[in-house]
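*Asks:* Submitted below is the structure of interest, expressed as structure tokens.
The values are calculated or read from the model by the stated rules, or taken from the named source; none is laboratory data. Keep in mind that what you see is a predicted model, and the values were worked out from it rather than measured. Ideal geometry is used to build each Cβ from the backbone, glycine not excepted, and the neighbour counts take in all protein chains shown. Heavy atoms of the whole protein, side chains included, go into the accessibility calculation; ligands, DNA and RNA do not. Shrake-Rupley method; radii C 1.70, N 1.55, O 1.52, S 1.80 Å.
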Amino acid sequence: MAKLKIVKHGDETLRKVCRPVEKITPRIITLLDDMIETMHAADGVGLAAPQVGVLRRIAVVEVEEGELYELINPRIVAYAGEQQEQEGCLSIPGRWGITKRPKHVTVRAYNRHGEEYEVSGSDLLARAFCHEIDHLDGKLFIDCMIEELSE
Ligand code: ZN
């Protein structure tokens, strides 16, 4: 596994719409492993492929240690409620803000074995899913931030 360089805000890679994964190749598996290592090393709760310079619909999320979600071609299939909580991004160091997100979301995605699965999350997990899936469409949390927090 290798730690990858995280692309920072200002790089246009973060504003591109990512392409779906058509086939889970060894290269995709390596990318997932490297993304997990990079997320852990950066102390993040999620990481999307464009953040490591790869324009593919892949993300990893781990808000509780050991509860890791590999999201290949993820999509939100249901959402409910609303939350306004603090968010940040490994690609936008030093900036934090309050965003408006659904309180509960259900995501459908593929894992590294090519199996489709569904996961529902609330609160921080729901925010992380929304945040990472937004990255795959070139969207950043600062786009839906309703209040910027200083420091
Ligand atoms: Zn982010």
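*Asks:* Can we say Val60 is in contact with an Asp or Glu (Cβ under 7 Å, 6 or more places away or on another chain), within 16 Å of the ligand (Cβ to nearest atom) and open to solvent by 80 Å² or more (accessible area, probe 1.4 Å)?
*Replies:* For Val60, the condition - in contact with an Asp or Glu (Cβ under 7 Å, 6 or more places away or on another chain), within 16 Å of the ligand (Cβ to nearest atom) and open to solvent by 80 Å² or more (accessible area, probe 1.4 Å) - is not met.
*Asks:* Of everything in region 111-127, what is surrounded by fewer than 19 Cβ atoms within 10 Å (Cβ to Cβ) and either within 13 Å of the ligand (Cβ to nearest atom) or assigned to a strand (DSSP E or B) (or both)? Give them in sequence order.
*Replies:* Passing the criteria: Glu116, Tyr117, Glu118, Val119, Ser120, Ser122.
*Asks:* Determine, yes or no, whether Ala78 is under 29 Å from Lys3 (Cα atoms), in a strand (DSSP E or B) and either away from the ligand (no atom under 16 Å from the Cβ) or modelled with pLDDT under 95 (or both).
*Replies:* no
*Asks:* Taking the condition in a loop (DSSP other than H, G, I, E, B) and in contact (Cβ under 8 Å) with a residue 40 or more places away in the chain, does Gly44 pass?
*Replies:* yes
*Asks:* Of all residues in region 25-38, count the ones that are free of Cβ contacts under 8 Å to residues at least 40 places away in the same chain and either surrounded by 14 or more Cβ atoms within 10 Å (Cβ to Cβ) or among the charged types (D, E, K, R) (or both).
*Replies:* Within region 25-38, residues that are free of Cβ contacts under 8 Å to residues at least 40 places away in the same chain and either surrounded by 14 or more Cβ atoms within 10 Å (Cβ to Cβ) or among the charged types (D, E, K, R) (or both) number 8.
*Asks:* I'd like the full set of residues that are surrounded by fewer than 24 Cβ atoms within 10 Å (Cβ to Cβ) and more than 11 Å from the ligand (Cβ to nearest atom), limited to region 128-142.
*Replies:* Asp137, Gly138
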